[in-house]
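None of the figures in this text is laboratory data; all of them are computed from the coordinates on show. Computed from a predicted structure; not experimentally measured. Methodologically, a virtual Cβ is constructed for each residue, glycine included, from the backbone with ideal geometry; neighbour enumeration extends over all protein chains shown.
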């Protein structure tokens, strides 16, 4: 195996580029401006980022989700535990944290963690609008922003396409006014793909969020190629299928050939399968464990699998 | 909601099992020592229930209504809502049940019992179970006594005890005042089942026992 040297492929923007070689090292070099050198070459391995197509801003290929895991209410002990997960995430070079008003107390818990950690300047705040009333969108986003305790959100997406016809104009207006930086839409578990395709074709989106994993690959057929064509960043939710996928594969030993893609554990294996797809910006696994967040961030290090390796990985998971 | 058939209950659960039961722990610490008051009220209900006396139905209904209002406000409205925004609606439902108990149980005195009958015995057993056994389930399955669910302050034992009383009071009382407790049991059973709690079947079995006994009674009358 050799490292690919084509920088246009590293950014995932080459329409004809094929993933035949590992891409890790130069992905990191394309990333670089915002990341400390120590993170770019942690453990002697390059740190992998991808550019947001609409701006070129680089983000690490692994983010942090908050669905269920950060919804701990007013439990101070659990809030401190979540803050430690966030600390582990940022210490490993992480940037994007994702939440939604639908996720119970997750926004408050993220706000608590950010405050406790001294508001890390590199945090990339990704939230959603989730309200059926179009006129209520701005107020909900403002309430969410207060819960996070940030000056503005980097990304606001329409959650599960709820009232997207009303919310997208609001979000584009907020982006134009500098109140948010990026606009997106989300869905999960393969729902409403036809509708999301239509939105991707007609609206000037920066981001789209969908579900994708080694065992749930529907988006490969149409959504991911369309995102590449339209220059839309793709964020992947539920990469471990809420833990069921990783729990099931962990019963088996990691195949020895996984080391060819610098995968030291199953989390890295599953995440590298996802983020090695050229259309994907990052995956956002959620966890309550500092050890697990470190494992997840390990997928930002070293080489990524090429197309042949990706096929081998998915075939192996199918066998398991 | 389009593609509704693709959703399962787990898609609507916003919290983990650990967070859910930790909520009971924090709640119990927060309201201590009200659990002992609730336990005493449970004993009063059992005493009134077992030995007929004037006004027993009204008194039992008043105690139950007080418990439902407390659970609506203290548990659902103030605590559960911190991890589940839908708890607000459940709080309203529990408030409605308190209102039904006041209207039909206290004002109209619809709770009349027939001691010695099968449904009275089963109802009594359900109240015993709710007051004395349900709080022990948490420690028995390894969650610890702090996470105990106590009659009068936690939803499940309060709903089971209410169903026991209504079952003994007859099908009119059950259908008038039992729908919300039954739905509460089913919902709680479904949630804990989805969370993978080992004791999830308990609340479902309790609700099914009530339905089965009520259905048997109805079938015999038909």
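At 7 Å along Cα-to-Cβ for each site, give me the label-to-label distance between residue B:141 and residue B:51 in nm.
3.7 nm
Under the definition of partner shielding as Cβ atoms of other protein chains within 10 Å of a residue Cβ, what is the mean value for peptide A:100-109?
3
Report, in deg cm²/dmol and to the nearest 500, the calculated mean residue ellipticity at 222 nm for chain B, where each DSSP H run with n ≥ 4 adds -39500 (n - 2.57) and the sum is divided by the residue count. Spell out each step's value before the answer.
On the way: 10 runs with 140 residues, N = 222.
Computed mean residue ellipticity for chain B: -20500 deg cm²/dmol.
What are the principal axis extents of the Cα atoms in the protein assembly as shown, in Å, biggest first?
Extents along the principal axes: 90, 51, 48 Å.
Helix B:118-128 sits at what angle to the longest principal axis of chain B, using alpha carbons and giving 0 to 90 degrees rounded to 10?
The two axes meet at around 40 degrees.
Roughly how many nanometres apart are two label points built 7 Å out from the Cα toward the Cβ at residue B:29 and residue A:254?
3.7 nm
Which FRET efficiency value, to the nearest 0.05, do you get for residue B:125 and residue A:318 by plugging their Cβ-Cβ distance into 1/(1 + (r/R0)^6) with R0 = 51 Å? The partial results should precede the final answer.
Working: r = 51 Å, r/R0 = 1.01.
E between residue B:125 and residue A:318, to the nearest 0.05, is 0.50.
Output the Kirkwood hydrodynamic radius of segment A:220-260, Cα pairs only, in Å rounded to one decimal.
Details: mean 1/r = 0.0772 Å⁻¹.
Hydrodynamic radius (Kirkwood, Cα pairs) of segment A:220-260 is 13.0 Å.
Taking the number of other C-beta atoms within 10 Å as the exposure measure, put B:103, B:71, B:118 in order starting with the fewest.
On the way: B:103 15, B:71 28, B:118 12.
Final ranking by Cβ density, sparse to dense: B:118, B:103, B:71.
What's the angle, to the nearest 10 degrees (0 to 90), between helix A:106-116's Cα axis and the longest principal axis of chain A?
Between helix and principal axis, roughly 80 degrees.
What's the percent breakdown of Cα-Cα distances in chain A across 10 Å bins, shortest bin first?
Bins of 10 Å from zero give 6, 29, 37, 23, 5, 0 percent of pairs.
If you count, for every residue in B:77-84, the Cβ atoms of partner chains within 10 Å of its Cβ, what is the mean?
Numbers: counts 0, 1, 2, 1, 3, 8, 11, 4.
If you average over the peptide's residues, the count of other-chain Cβ atoms is 4.
Estimate the FRET efficiency between residue B:73 and residue A:197 by the formula 1/(1 + (r/R0)^6), using the beta-carbon distance for r and 56 Å for R0, to the nearest 0.05. Present the calculation step by step, with values, prior to reporting the outcome.
Working: r = 47 Å, r/R0 = 0.84.
Efficiency, from the Cβ-Cβ distance: 0.75.
Put one equal scatterer on each alpha carbon of chain B, apply the Debye formula with no solvent term, and list log10 I(q)/I(0) at q = 0.10, 0.14 1/Å to two decimals.
-0.43, -0.83
Just counting partner chain Cβ atoms within 10 Å, what average do the residues of peptide B:13-20 show around their Cβ?
Taking all residues of B:13-20 together, the mean is 5.
Compute the helix-to-body angle for A:76-91: its Cα long axis versus the longest principal axis of chain A, expressed 0 to 90° and rounded to tens.
50 degrees
Provide the FRET efficiency to the nearest 0.05 for the residue B:118-residue B:85 pair, computing r from the beta carbons and using R0 = 35 Å. Don't skip to the end; give the middle numbers.
Details: r = 42 Å, r/R0 = 1.21.
According to the calculation, E is roughly 0.25.
Let me have the relative contact order for chain A, percent, based on Cα pairs under 8 Å that are six or more residues apart.
Taking the mean separation of contacting Cα pairs over the length of chain A, I get 22 percent.
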